[in-house]
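Undergrad: This structure is in structure tokens; I'll ask about it shortly.
Each value in this text was obtained by applying a stated rule to the coordinates, not by laboratory testing. All values derive from a computational prediction rather than experimental measurement. Cβ placement follows ideal geometry from the backbone for every residue including glycine, while neighbour counts extend to all protein chains displayed.
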Amino acid sequence: MAELKLQHLDKIYDNNVQAVYDFNLDVADGELIVLVGPSGCGKSTTLRMVAGLEDISAGRLIIDGKDITTMPPKDRDIAMVFQNYALYAHMTVYENMAFSLVLRKENKNVIHQKVLAAAEILGLTDQLNKKPAQLSGGQRQRVAMGRAIVRTPKVFLFDEPLSNLDAKLRGATRREILLLHKRLKATMLYVTHDQTEALTLADRIVCMSMGHVQQIGTPLELYDMPNNLFVASFIGLPPMNFIEGRIKDGRFVSPNLSFALDDAQKTLLAAYSDKEVVAGIRPEHILKGNDAVLKVTLNENLGQTTLVHGTVGKQKLTAKLREWCDYERGDEVGITFENVHFFDKETTNAIR
């Protein structure tokens, strides 16, 4: 496989709209990197620049020490899997998987061995003589992955490959991609707007917003130590609760609730005395206690956990309680908070 370096990449379109700003990333050999963010954040544009489907306005793209910034797509030794499969309807599964090797005029025996090996990895051996129309969505996506595998490229690119699948198939195919990565030890760049895919697949996540990289780190780093309010709000489901307030006399105080700071929080927020901050609390870090009273508006049972939506005064909060609850609208629940994050209200950056 290969090391991949994206150095100061910009993408500016002819109408002077900039889609990507100063993108920097070093991808280690065999690493699976997931680019995640909302629609229009620049993640797919970045992937397309790596593939050569979009010109790079500024910066350099390097694979194994070789600058491929202006190299044509066909010469980059990169394989891309699209969300719409891009299969040839008139060809069988075997022919679709073999097509790129046929174009390269590889030996027929070599092609046959590579297609059979990829089909076995992906569980497609019994489907090789079928046409795409005879396959399920998940099977078509596996054919698209098989077409990439047979090329043995230096880098695999995935552009939202699961977005056309239903929820059950998404989960199953996501696991197949993870197993495929572990088996091939391949260098992969994977784009999605689905944070579940990002958290479960990635060695590292690149979280993007409006063309800018907001944070790069392991899934746990982004979840436990978000750099700013955007990352904190985007990573995690249900999303983090945010409460605006002030630090006063060793307490966090907002119009609707307040709670005492522990010694570590007092030290952390020493420079924020009587200043506005934003407290961020993940739903699973709201526990039963006596810091505030949550008035229930909606109760969602999820089996071993329950999402309890409600208000403290006018402040909306969602708690994820680790038990089955049968609260009704209007019920009152005493709550407390643990693992509270704090953010500078002006800069939106996390207070470290």
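Undergrad: Which of the following values of P(r) over Cα pairs in 20 Å bins from 0, in percent was calculated from the structure shown: [x] 26, 46, 24, 3; [y] 24, 40, 27, 7, 1; [z] 28, 52, 20, 0?
TA: Answer by label: [x].
Undergrad: By average Cβ neighbour count within 10 Å, what is the ranking of 236-243, 90-97 from highest down?
TA: 90-97, 236-243
Undergrad: Among GLN215, ASN96, HIS8, pick out the residue whose Cα is farthest towards the positive end of the charge dipole of region 4-234, where Lys and Arg carry +1 and Asp and Glu carry -1 on C-beta, about the Cα centre.
TA: My answer, from the dipole projection, is ASN96.
Undergrad: Determine, for CYS325, CYS41, the number of other Cβ atoms within 10 Å of each Cβ, and report the residues in order from fewest to most.
TA: CYS325, CYS41
Undergrad: About the Cα centre of the chain, how large is the charge dipole given +1 on each Lys and Arg Cβ and -1 on each Asp and Glu Cβ? Please answer in debye to the nearest 20.
TA: 1120 debye
Undergrad: Any aspartates and glutamates with Cα under 12 Å of the LYS345 Cα? List them, leaving off those in the same chain fewer than 8 positions away.
TA: GLU244, GLU276
Undergrad: Describe numerically, in nm with one decimal, the distance between label points set 7 Å from Cα along Cα→Cβ at LYS74 and at TYR88.
TA: Label-label distance for LYS74 and TYR88, simple model: 1.4 nm.
Undergrad: Using a simple charge model, +1 on the beta-carbon of Lys and Arg, -1 on the beta-carbon of Asp and Glu, nothing else, what dipole does region 1-87 show about its Cα centre, in debye to the nearest 20?
TA: Charge dipole of region 1-87: 220 debye, to the nearest 20.
Undergrad: Once Lys and Arg get +1 and Asp and Glu get -1 on their Cβ, which of LEU169, GLY137, VAL36 lies farthest toward the positive end of the dipole of the chain?
TA: Selected residue: GLY137.
Undergrad: First select every other residue whose beta carbon is under 11 angstrom from the beta carbon of LYS11; then total the charges, Lys and Arg +1, Asp and Glu -1.
TA: Surrounding charge for LYS11 is -3.
Undergrad: VAL110 label point, 7 Å along Cα→Cβ, cut-off 19 Å on backbone N: hits in region 122-148?
TA: Those under the cut-off are 147-148.
Undergrad: Spin-label point model (7 Å from Cα, Cβ direction): what's the THR196 to TYR13 distance in nm?
TA: It works out to 3.1 nm between the two label points.
Undergrad: Compute the FRET efficiency between LEU287 and ASP203 as 1/(1 + (r/R0)^6), taking r as their Cβ-Cβ distance and R0 = 25 Å, and round to the nearest 0.05.
TA: 0.20
Undergrad: Okay, next question. Could you pull out the pairs from LYS5/LYS43; LYS5/LYS66; LYS248/LYS295; LYS266/LYS314; LYS66/LYS182; LYS295/LYS316 whose alpha carbons sit more than 19 Å apart here?
TA: In this structure, LYS248/LYS295; LYS266/LYS314; LYS66/LYS182 lie more than 19 Å apart at Cα.
Undergrad: Picking from GLY42, GLY334, GLY137, which is most flexible by a Gaussian network model of the chain using Cα springs under 10 Å?
TA: GLY334
Undergrad: State the answer as a single residue: which of VAL278, LEU122, LEU307 lies farthest towards the positive end of the charge dipole of the chain, with beta carbon charges of +1 for Lys and Arg and -1 for Asp and Glu, about the Cα centre.
TA: Working it through, the farthest residue towards the positive pole turns out to be LEU122.
Undergrad: Could I ask something else about it? How far is it, in nm, from the label point at GLU276 to the one at SER258 when both lie 7 Å from their Cα along the line to the Cβ?
TA: Here the answer is 1.8 nm between the modelled labels.
Undergrad: How high is the relative contact order of the chain, in percent, with contacts defined as C-alpha pairs under 8 Å that are six or more residues apart?
TA: 16 percent
Undergrad: To the nearest 20 debye, what is the magnitude of the charge dipole of region 241-344 about its Cα centre, counting +1 on the Cβ of each Lys and Arg and -1 on the Cβ of each Asp and Glu?
TA: Dipole about the Cα centre, nearest 20: 180 debye.
Undergrad: Give, as a single signed number, the net charge of other residues whose beta carbon lies under 15 Å from the beta carbon of ARG329, with Lys and Arg counted +1 and Asp and Glu -1.
TA: Its environment carries a net charge of -3.
Undergrad: Let me ask something additional. Aspartates and glutamates near LYS185 by alpha-carbon distance under 15 Å, same-chain residues fewer than 8 away left out - which ones?
TA: GLU3, ASP29, GLU31, GLU176, ASP203
Undergrad: For an R0 of 30 angstrom, estimate the FRET efficiency from the Cβ-Cβ distance between LEU103 and ARG175 and round to the nearest 0.05.
TA: So the FRET efficiency works out to roughly 0.45.
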